[in-house]
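Chemist: Input: one structure, supplied below.
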Amino acid sequence: DCVVLGDHLCFCVGDVSGKGVPASLVMAQTTRLFRSLATQEKKPAQIAQTINTEMMDDQVTHGMFVTMFIGLLNLQTGHLLFCNAGHNPPVLVGGASGTNMLEIESNAPVGLWPEHEFVEEEIESIKGRTLFVYTDGLTEAEDANLQQYGEERMLDFLRHTKLTKSQSVIEALLGEVEKHRHGVEASDDLTMLCLRIDQ
């Protein structure tokens, strides 16, 4: 989900534990809370903290958890404030350090531990670079031999594929994953978010 707040974009990508109706209820509740808190201009760690508290107090969703990457991006300066709650590390494409996964605090997923303190981090600017956030349905996509698509294959694609539009990156990578599965039905859902602010 994402919310535009003037010059800022507050966004999140999450992955709920479990499947079926219980997971759908957790997803709906988490999305509602995220949108409400983002609209109140809460920062990423505050959002994670509040969602965590709400989930721990809710008997319906008790015992389930959500991994989340929550970001607050200044669309003018490229400044990124973020909190990673047990989610797969995003990839930052381009720049002096090349294309690599972000070295970040993993934190715990929301809904797991009631007293967990979520750590917030920041990047001065991601202008001219691409931020790629995804769920493990991408890297764990399997072919008929149970071989996963994997992180290295994903990184190799992002390093060597010259695409300037975020939508093109997602469409091309989805095509690569489908090619890897080669007709095998997906065992997990897949979400991708690609953000870029040009210089």
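Chemist: Once amide H atoms are built 1.01 Å from N in the peptide plane, which residues 5 or more positions from G86, or in another chain, come under 5 Å H to H?
Modeler: M68, N107, A108
Chemist: Once amide H atoms are built 1.01 Å from N in the peptide plane, which residues 5 or more positions from L5, or in another chain, come under 5 Å H to H?
Modeler: Amide H neighbours of L5: C10.
Chemist: From Cα pairs below 8 angstrom and at least 6 apart in sequence, can you work out the relative contact order of the chain, rounded to a whole percent?
Modeler: Numbers: 372 pairs, mean separation 40.8, N = 199.
21 percent.
Chemist: Sorted by average packing, counted as other Cβ atoms within 10 angstrom per residue and highest first, what order do 172-179, 45-52 take?
Modeler: On the way: 172-179: 14.9, 45-52: 22.8.
Top of the packing list down: 45-52, 172-179.
Chemist: Then there is this: For K19, give me every one of the lysines with a C-alpha distance below 28 angstrom, ignoring sequence neighbours fewer than eight places off in its own chain.
Modeler: Here the lysines satisfying the reach criterion relative to K19 are K179.
Chemist: Would you give the gap between the C-alpha center of the stretch 118-137 and the C-alpha center of the stretch 163-188, rounded to a whole Å?
Modeler: After rounding, the separation between the Cα centres reads 20 Å.
Chemist: Could you tell me what percent of the accessible area of the stretch 154-199 is made up of carbon and sulfur, with a 1.4 Å probe and every protein chain present? Before the final figure, lay out the partial values.
Modeler: Values: 1460 of 3060 Å².
It is 48 percent, rounded to a whole number.
Chemist: While we're here: Subtract the Cα-Cα distance of E115 and E140 from 0.36 nm times their separation in residues, and report this length gain in nm to one decimal. Display every interim value, and only then the final one.
Modeler: Numbers: separation 25, 0.36 × 25 = 9.00 nm, distance 3.07 nm.
Separation in residues times 0.36 nm, less the Cα-Cα distance, equals 5.9 nm.
Chemist: Reachable lysines from K43, Cα under 24 Å, same-chain residues fewer than 8 places away excluded?
Modeler: Cα-Cα hits under 24 Å: K127.
Chemist: Return the label of the correct value of Rg and Dmax of the Cα atoms in Å, as calculated from the structure shown, out of (1) 17.3, 52; (2) 16.9, 48; (3) 18.9, 57.
Modeler: (2)
The values are calculated or read from the model by the stated rules, or taken from the named source; none is laboratory data. Note that the coordinates shown come from a computational prediction; the quantities given were computed from them, not determined experimentally. Note that each Cβ is placed from the backbone with ideal geometry, even for glycine, and that neighbours are counted across all protein chains shown. Please note that ligands, DNA and RNA were not included when accessible areas were found on the heavy atoms of the full protein model with its side chains. Shrake-Rupley method; radii C 1.70, N 1.55, O 1.52, S 1.80 Å.
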